[in-house]
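To keep things clear, I will list the structure first and then write my remarks on it.
The values are calculated or read from the model by the stated rules, or taken from the named source; none is laboratory data. Keep in mind that what you see is a predicted model, and the values were worked out from it rather than measured. Using ideal geometry, Cβ is built from the backbone for each residue, glycine included, and neighbour counts are taken over all protein chains shown. Please note that ligands, DNA and RNA were not included when accessible areas were found on the heavy atoms of the full protein model with its side chains. Shrake-Rupley method; radii C 1.70, N 1.55, O 1.52, S 1.80 Å.
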Amino acid sequence: MIGGMRGIFGIRRAVANRGMNKFEIIISWSEQDNRFIAEVPELPGCLADGKTYSETLQNVEEVMREWIDYAKELGREIPEPKGRLVYA
């Protein structure tokens, strides 16, 4: 599954738009894992992978929904989406 993030190239960004949830998703290629890796910086520990970019995006959207549902079950606050991160 997800190993060290060495050998990453081609970082792409997308914003998931499911209902009211709009979170930045970072999708990178991992040479080490030979897979695309997706992470959602605003949802700690929210990661997914896939063989293709499309599969990875689909997988991470499902994991995001599960992350949010589980946080709600635990009574935890869901972060407000900040959208795209701005780098200096």
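Look at (1) outside any helix (DSSP H, G or I); (2) open to solvent by 40 Å² or more (accessible area, probe 1.4 Å) and you find that Leu43 fails only one, number (2). The single condition from (1) modelled with pLDDT of 95 or more; (2) in contact with a Leu (Cβ under 8 Å, 6 or more places away or on another chain); (3) of a type in the set (A, V, I, L, M, F, W, C) that Ala48 fails is (2).
Can you pull out every residue in region 46-61 that is assigned to a strand (DSSP E or B), free of Cβ contacts under 8 Å to residues at least 40 places away in the same chain and under 20 Å from Pro81 (Cβ atoms)?
First pass over region 46-61, keeping only residues assigned to a strand (DSSP E or B): 47-50.
After this cut, where a residue has to be free of Cβ contacts under 8 Å to residues at least 40 places away in the same chain as well, the list is 48, 50.
Listed by number, the list holds a single entry, Ala48.
Selection of first residues in region 62-77 that are farther than 11 Å from Gly45 by Cβ and of second residues that are assigned to a helix (DSSP H, G or I), restricted to Cβ pairs under 9 Å at least 6 apart or on distinct chains, gives the following pairs, ordered by first then second residue: Arg76/Tyr70; Glu77/Ala71.
Going by what's in this entry, would Ser54 be described as loosely packed, with under 14 Cβ neighbours inside 10 Å, at pLDDT 90 or above and of a type in the set (Ser, Thr, Tyr)? So Ser54 fits the description; yes. Can you work out which of the residues in region 14-35 that are open to solvent by 50 Å² or more (accessible area, probe 1.4 Å) and in contact with a strand residue (DSSP E or B) (Cβ under 6 Å, 6 or more places away or on another chain) is modelled with the lowest pLDDT? My answer is Val15.
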